[in-house]
2 protein chains.
Amino acid sequence: MSRPNLALVGATGAVGTVMRDIVSNRADIWGEIRLVASPRSAGKVLKVRGEDVVVQALVPEVFDGIDIAIFDVPDEVSAEWVPVAAERGAIAIDKSGTFRMHADVPLVVPEVNPLDARQRPRNIISTPNCTTLSMMAAMGALHAEYGLQELVVASYQAVSGAGVAGSARLYDEVEALAGDRNVGQVAGDVRQILDKKLPADSPFPAPIAFNVVPWAGSLKEDGWASEELKLRNESRKILGIPELKVSATCVRVPVVTTHSLAVHARFERPVTVADAHRVLTAAPTVVLVDDPANGVWPTPLEVVGTDPTYVGRVRQAIDFPNTLDLFVCGDNLRKGAALNAAEIAELVAAEL
Amino acid sequence: MSRPNLALVGATGAVGTVMRDIVSNRADIWGEIRLVASPRSAGKVLKVRGEDVVVQALVPEVFDGIDIAIFDVPDEVSAEWVPVAAERGAIAIDKSGTFRMHADVPLVVPEVNPLDARQRPRNIISTPNCTTLSMMAAMGALHAEYGLQELVVASYQAVSGAGVAGSARLYDEVEALAGDRNVGQVAGDVRQILDKKLPADSPFPAPIAFNVVPWAGSLKEDGWASEELKLRNESRKILGIPELKVSATCVRVPVVTTHSLAVHARFERPVTVADAHRVLTAAPTVVLVDDPANGVWPTPLEVVGTDPTYVGRVRQAIDFPNTLDLFVCGDNLRKGAALNAAEIAELVAAEL
């Protein structure tokens, strides 16, 4: 068949920018690549595959002739427009939280559950939350060998998970505080400085420079943050383990891009560090960086801008049977968002 | 009896500075307060209780007439000098890792195991690692009511845990990087900037500004970092639970002072969030800050410079019985170091 046409909806945001970079640099299988954004951004000219493309406004007709549409827009925009794209004949790949847990919408990580992408009665496929995605390739590979049963996760989430405004806020706060060598030594001091120098409307509920904030998302039942429940529910669906036990605490840290996770994972079968190293090395999209004797483990700054999931600090839990402790890093804008959606699009395009 | 004489050994370091502040501001029960440091620092004049005190060199005679000596010095200095102080008749309170796990040396957190301080055949009492201490008051209170069985911990450790050099390095890196709005968006970029602008001898094994580093301490068996094993072994000893199951991943974050911990704690008996709130509120040195509907939880910047252990984000684990997930913050230089040692000294002084 002729090359499929791709629409990128939300082309001007943080993930949209990475998405244009990714589709420009991966094997070019696409016919037209149409850029779509809110009417406010329509008319902007952006580069894709080295060419200037004029951004079009999000209207129903924009999906005419489109085979696959990737959405990176807020939940409420997805709720309205993803079904429109699907009704117009496009296969919609949605990055938002809107459809992820719908029984008739698959939630896909191509290296973990590619076959799920074929069951799409509504022509909608969801791609997971960026925090869940940061560990999925690694945990999927280990699950396939050892049978995952329990996950206890603590996250170290980058500010760009809150979009362009998140990164800007961290840079602004760092600039406002740089040079003051009492910062972080006196309670309340930082907030006074920031209140004087910066607008109050931060995307974060507390100062983020020189701080960590144990909150991501919105408040759900019993004190849980939405991000923590997503990590639980999405992991269960992607891995196909409805009874997987998960507890997560999500924490924002002053890192620009790349989420990290400390993971405590219990398996059905015994697993040694050597076993885990072998499985993780064999997983195509996982990079094992685990040699603490030589100071080798992953950190966000070394991972940013790259595609794989990086795993290090693999240890056999001393007191828990069949359990590994490990540290995982993944670029939240690439594998955590744009890359996974692009990979799903390629997977779907291959069967068109 | 007359007021006991106190020696502060290591009076010029990061913890020593906080220690002078603490003994100057708590109820004054001391006769002489003698400041002791390496011969290099001897002769310096420092303030204690509003008075100038000349720092004395660490020699055996410096302990003559001293009733209690608090040591905050490197492990190898403690190994040599703590027994000297004890032999000269002082009760030595040691902050280093040297004696903590010795069977004939108690490891004491005054609000958790005060009676242990009385069993000191060598006249040495150890005070725990700052990371362990960050959660001990809270976990001790919950253990007393519900019987702690398992702990899975991920840490968010401040740079001042690595001393004055740790804080200085973070400030230096932030200054070198401030104003560059590409920082953290391109892999390797930050390292290139820092290599040009800063000395290579960081106290941390990777850039710490705009980064998190999953390593604290030295390499021990099977890939574990010393800090992670300390958290396990010291928690067992302080709480008096030799069979306590513990897994920890220790991570350094770009926070100046105050360690935070994400804790997943399983108990022998059922415990609700309301139960935990009641117990934590009743614990004298714990402050409960847990109202996410109003954006209330602890962050390091709000805790620094204060004495209590702060607890928030208390949640009942959805999939694990008798289990709480929570987030704890404590100033690593105060309760995590100087304050706990000062409290032990007061406890011991009360029975002299």
Looking at A:SER167, A:SER160, A:SER134, A:SER155 in this structure, which one is buried (at least 21 other Cβ atoms within 10 Å of the Cβ) and within 20 Å of A:ILE241 (Cα to Cα)? A:SER134
Mind telling me which of the residues B:ASN113, B:ASN129, B:ASN123 ends up being closer than 19 Å to B:ALA350 by Cβ and in contact (Cβ under 8 Å) with a residue 40 or more places away in the chain? B:ASN113
Before we move on, is A:GLU145 more than 8 Å from chain B (Cβ to nearest Cβ) and surrounded by fewer than 19 Cβ atoms within 10 Å (Cβ to Cβ)? yes
Can you run down the residue pairs with Cβ atoms below 7 Å, 6 or more apart or on separate chains, where the first is in the range B:45-65 and touching a residue at least 12 places away in the same chain (Cβ under 8 Å) and the partner is of a type in the set (Ser, Thr, Tyr) and surrounded by 11 or more Cβ atoms within 10 Å (Cβ to Cβ)? B:VAL48/B:SER24; B:ARG49/B:SER24; B:GLY50/B:SER24; B:VAL55/B:THR12; B:VAL55/B:SER41; B:LEU58/B:SER38
Just for strands (runs of 3 or more DSSP E) wholly inside the range B:3-83: which have at least 1 residues that are closer than 15 Å to B:ILE344 by Cβ? B:6-9, B:68-71
For the range A:22-41, give me each residue that is crowded, with 17+ Cβ neighbours inside 10 Å and either of a type in the set (Val, Ile, Thr) or modelled with pLDDT under 95 (or both). A:ILE22, A:VAL23, A:ILE33, A:VAL36, A:SER41
Answer yes or no: is there a residue in the range B:185-208 that is over 30 Å from the mean Cα position of the chain (by Cα), surrounded by 16 or more Cβ atoms within 10 Å (Cβ to Cβ), part of a loop (DSSP other than H, G, I, E, B) and of a type in the set (A, V, I, L, M). yes
Residues of the range B:298-352 classified as within 30 Å of A:LYS220 (Cα to Cα), more than 8 Å from chain A (Cβ to nearest Cβ) and either among the β-branched types (Val, Ile, Thr) or part of a helix (DSSP H, G or I) (or both), total: 3
Just to verify a result, which residue in the range A:231-251, among those that are buried (at least 24 other Cβ atoms within 10 Å of the Cβ), touching a helix residue (DSSP H, G or I) at 6+ places or on another chain (Cβ under 7 Å) and under 27 Å from B:HIS259 (Cα atoms), is farthest from the other protein chains (Cβ to nearest Cβ)? A:LEU231
Suppose the filter is surrounded by fewer than 20 Cβ atoms within 10 Å (Cβ to Cβ) and either polar (S, T, N, Q) or farther than 27 Å from B:LEU151 by Cβ (or both); does A:ARG278 pass it? yes
Go over the candidates B:GLU150, B:GLU227 one by one and state the one that is within 26 Å of A:PHE210 (Cβ to Cβ) and among the acidic types (Asp, Glu). B:GLU227
When you go through B:ASN211, B:ASN182 one by one, which is the residue that is touching a residue at least 40 places away in the same chain (Cβ under 8 Å), at the interface with chain A (Cβ under 10 Å from one of its Cβ atoms) and assigned to a loop (DSSP other than H, G, I, E, B)? B:ASN211
By residue number, the members of the range A:216-227 that are part of a helix (DSSP H, G or I) and more than 8 Å from chain B (Cβ to nearest Cβ) are A:GLU221, A:SER226, A:GLU227
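Quick grid of which residues meet (1) free of Cβ contacts under 8 Å to residues at least 24 places away in the same chain; (2) in the same structural domain as B:ALA345 (by the TED database); (3) closer than 25 Å to B:SER218 by Cβ:
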{"position": "B:GLY31", "(1), (2), (3)": "no, yes, no"}
{"position": "B:ILE68", "(1), (2), (3)": "no, yes, no"}
{"position": "B:PRO74", "(1), (2), (3)": "yes, yes, yes"}
{"position": "B:VAL84", "(1), (2), (3)": "no, yes, no"}
{"position": "B:ARG88", "(1), (2), (3)": "no, yes, no"}
{"position": "B:SER96", "(1), (2), (3)": "no, yes, yes"}
{"position": "B:MET101", "(1), (2), (3)": "no, yes, yes"}
{"position": "B:ASP104", "(1), (2), (3)": "yes, yes, yes"}
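The values are calculated or read from the model by the stated rules, or taken from the named source; none is laboratory data. In this text the structure is predicted, and so the values were computed from the model without any measurement. Don't worry about glycine lacking a Cβ; one is built from the backbone with ideal geometry, like all the others, and counts go over all protein chains shown.
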